[in-house]
Amino acid sequence: MIRYLTAGESHGQALVGIIEGIPAGLSISSEYIDHQLRRRQQGYGRGGRMKIESDTVTILSGVRHGKTLGSPIALLVKNRDSQNWIEKMAVDGTGEGIEKISVPRPGHVDYAGTMKYGFDDIRNTIERGSARETAMRVACCTIARKLLEDVGVFIGSHVLSLGQAKVSDRRQVDRLIARHTKASCGAYKITEEADKSEVRILDAATERKAIAIIKRAKKQGDTLGGVFELIVTGAPVGLGSYVHFDRKLDGLLAQALMSIHAVKGVEIGAGFANAEEYGSQVHDAFQIRGDKIRRVTNRAGGIEGGVTNGEMLVLRAAMKPIATLAHPLKSVDLKSSKIVDARYERSDVCALPACSVIGEAVIAPVLANAFLEKFGGDSIQEIHSRYNRSA
Ligand code: EPS
């Protein structure tokens, strides 16, 4: 099975990752991963750090002549900004003379993390608590994503709402999705379409409104979050399981999404709206389309009982506004116990577009594992022959 680990502090020398369980023979290149890293850096509302970084991956092991070897794949993404943090982030020495941070930002992990580890400097928590770590997650997960694409499973995303700017005509977006998901790369076409927008919103009027409120939030020293939607096409019936709680695909997908910094809500299909309706308005009736068993609607979001049902997967995630505020809330100085303004640390006004790219990435290993559980093998050729035989 695929698993991965990341390490690295936000302003340390580099982020590193190891992903293992990727079968042999998968074509992969650093350019392919870099494209996803670039996408993660985009979006209207990002802060100064993204002007410094230009994330690129170095593949250190597990790939030879463009193909995976079945061995662990080690990855490296350098932090360009680390040049400005050499003394503050030095591995050696005592740190004498380096200013310690004692004022936590409400909403960030600063307070809880510092209490947990008994630090006398919140910097120790800030560094690993930062969403910078998601750069390496995207790098690792993109390899699992490539495996899915090899067997025709494509992931896409778009932003549904950003603060109060909400896509009002859902039907228009659904028509666009229906048109685009017919392409051979399915849901990825949605992502390419969303990438044309600085806020990854598919509807021009909402896009304009979103950009305007980010500008306003910036002026006010405030931040914004929102909701993004993930779409997966090409997933066959029967991925995941209903037989045990920790094998249910919806639960596993929700865990992966909830693990992204600032994601505080996950919905499968029309989850919350379904809760307000009668069952007859919610469940997706069967129909025969051509020679295929299909559904009239897809309110379940393509998963029933923790198992894919052959329809497109639809998931949504809610990101809270970033906790670092230029116009800060009240905090407490842990050294003096005095109430003071929270510290401002350079940050983004809105990172929702990046978050949707990270969402695409983190669900890839979950789906790839479900796929490998059913059709797995040691090499891509073996997987293809097992999958084709099942079709
Ligand atoms: C991020 C890098 C960070 C932040 C952001 C995400 O860089 P820095 O801390 O140097 O400004 O821009 O992190 C947060 C929003 C956060 O709250 O930690 C990145 O690479 O995505």
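Laboratory data are not the source of any read-out in this text; all were calculated from the coordinates shown. This one's a predicted model, so the numbers in the text were calculated from it and none came from an experiment. Cβ placement follows ideal geometry from the backbone for every residue including glycine, while neighbour counts extend to all protein chains displayed.
Some notes on this structure:
- Relative contact order of the chain, defined on C-alpha pairs under 8 angstrom at six or more residues apart (%): 22
- Of the three principal axes defined by the Cα atoms of segment 313-362, the extents in descending order read 51, 17, 14 Å.
- Panel order for 266, 282, by other beta carbons found within 10 Å of each beta carbon, from fewest to most: 282, 266.
- Relative contact order, percent, segment 41-194 [alpha-carbon distance under 8 Å, six or more residues apart]: 14
- Beyond 29 Å, the tail of the calculated P(r) for segment 3-390 holds 46 percent of the Cα pairs.
- Rounded to the nearest 10 degrees, the inclination of helix 170-180 to the longest alpha-carbon principal axis of the chain is 70 degrees.
- Estimated purely from DSSP H runs of n ≥ 4, each contributing -39500 (n - 2.57), the mean residue ellipticity at 222 nm for the chain is -10500 deg cm²/dmol once divided by its residues.
- Ignoring lysines fewer than eight residues from residue 335 along the same chain, the ones with Cα atoms less than 19 angstrom from its Cα are 100, 116.
- Anchor residue 248: lysines whose Cα lies under 24 Å away (excluding residues fewer than 8 positions away in-chain): 146, 264, 374
- Maximal additional length on extending the residue 373-residue 264 stretch stands at 36.4 nm, based on 0.36 nm per residue less the C-alpha distance.
- Greater than 21 Å apart at Cα, pairs in 218/320; 51/189; 218/330; 166/218: 51/189
- Shape of segment 177-247 from the C-alpha gyration tensor: oblate (a/c of 1.5 or more and a/b not above b/c, with a ≥ b ≥ c the square roots of its eigenvalues).
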